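Asks: Sharing a structure with you now.
Just so it is clear, none of the values below were taken in a lab; they were calculated from the coordinates. For clarity, every value in this text was computed on a predicted model and none was experimentally measured. Cβ sites come from the backbone with ideal geometry, for glycine too, and all protein chains shown count toward neighbours.
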Amino acid sequence: MNLKFLGNESYGGWMVDTEGLSSESIVYSFGVGFDISWDLAMIENFGCNVFAFDPTETSKNWLASQDLPEKFSFEQVGLSTFDGVQDFFLPLKQGKPDYSTVKRSGSSVQFPVKRLETLMKMRGHSRIDVLKIDIEGSEFAVLPKIAHLPIAQILVEMHPNMYGSGWKGLRKLLGRYKFHRATSALSRNGFVCAHRNENDYTFIKSA
C-alpha cells in the first residue's frame, strides 16, 4: 500500500492508494460539484481515463467552462440503486452544486440516475480500480448494493448527520445506523479503512 493525497488540499482532494495504478486503470468519479482537482491529478499522475458523473445542470454548466483533458469524460447522471429518475432536493444555498436525495429543503427537482452495474456495462468495464463517491447522503443506500462488485478501492464522503428528521437524538441515531450498515457491508466484502480525514474515507479491498 502506498497512500498519497491527490487534488486540492483545502477542498476536493482525496487520499489514494497509488500502488498498481497506471494508464490502464479504470477510475469512476461520482459528484463533480465545482472541483475536479482530484480527477485531473489522477490523469496527470497515472495517465488513466477518468469517468465523471453528476446529475445536476449546475455542475454540467460549470464543466462546460473548464479546459478538460481528453481522458476526462462526463455524463450527466447520478448514482443510485435503480435506473430511472430520482428526486433531488435543492441546495440550502442558491447556486451551490450540492443537491441531495436527503430532504434539506422543501423544493426538489428530478434528475436521471443509474446503478453502478449499468454504467459499467455501458462502458464495457468488468472492474473499477478507483471509485470516488461524493453524493451528498445517497452513499448509505448505494454502498451496501455495490460492495460485492470488483472494485479495488473506494473513496467516499460519509454524511451521517444529514439523515433523519425530528428530534436531534433520533437524527443522530439514524445516521449512526446507516453509517454502520454501510461500513459493515464493505467489511463483509473485504474492504478495510486505510485512511480517514473527518468525513472522507479511503477503503481498500484486501487481497
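Asks: Give me HIS148, HIS159, HIS125 ranked fewest to most by other Cβ atoms within 10 Å of their Cβ, as a rough exposure proxy.
Replies: Details: HIS148 11, HIS159 21, HIS125 15.
In order of increasing Cβ crowding within 10 Å: HIS148, HIS125, HIS159.
Asks: Before rounding to the nearest 500, sum -39500 (n - 2.57) across all DSSP H runs of length at least 4 in the chain and divide by the residue total; then give [θ] at 222 nm in deg cm²/dmol. List each step's numbers first, then the result.
Replies: Values: 5 runs with 55 residues, N = 207.
Roughly -8000 deg cm²/dmol at 222 nm, from the helical runs in the chain.
Asks: Using the Cα centre as the reference, give the magnitude of the dipole from point charges on the C-beta atoms of the chain (Lys, Arg: +1; Asp, Glu: -1; all else neutral), rounded to the nearest 20 debye. Before the final figure, lay out each step's value.
Replies: On the way: 23 positive and 23 negative charges, 223 e Å.
Magnitude of the dipole: close to 1080 debye.
Asks: Let me ask something else about it. Sort ILE43, ILE154, ILE135 so the one with the fewest other Cβ atoms within 10 Å of its own Cβ comes first. Please list the in-between numbers first.
Replies: Numbers: ILE43 20, ILE154 23, ILE135 26.
Ascending number of Cβ neighbours within 10 Å: ILE43, ILE154, ILE135.
Asks: If the limit is 30 Å between Cα atoms, which of LYS93/LYS121; LYS4/LYS145; LYS121/LYS178; LYS93/LYS178 go over it? Mind showing how you got there, number by number?
Replies: Details: LYS93/LYS121 36 Å; LYS4/LYS145 28 Å; LYS121/LYS178 28 Å; LYS93/LYS178 26 Å.
Over 30 Å Cα-Cα: LYS93/LYS121.
Asks: Here is a further query. Place +1 on the Cβ of every Lys and Arg and -1 on the Cβ of every Asp and Glu in the stretch 30-130, take the dipole about the Cα centre, and give the residue among GLY31, SER80, CYS48 whose Cα lies farthest towards its positive end.
Replies: Checked the options; the winner is SER80.
Asks: Could you list THR183, THR81, THR202 in order of exposure, starting from the residue whose Cβ has the fewest other Cβ atoms within 10 Å?
Replies: Details: THR183 20, THR81 14, THR202 23.
Final ranking by Cβ density, sparse to dense: THR81, THR183, THR202.
Asks: If I compute percent of Cα pairs over 20 Å apart from the structure I just sent, which labelled value in (i) 60; (ii) 64; (iii) 56 lines up?
Replies: The listed entry that was calculated here is (iii).
Asks: Related question: If you restrict to DSSP beta bridges whose two residues both lie in the chain, what percentage is antiparallel, to the nearest 5?
Replies: Working: 22 of 41 bridges.
DSSP beta bridges in the chain are roughly 55 percent antiparallel.
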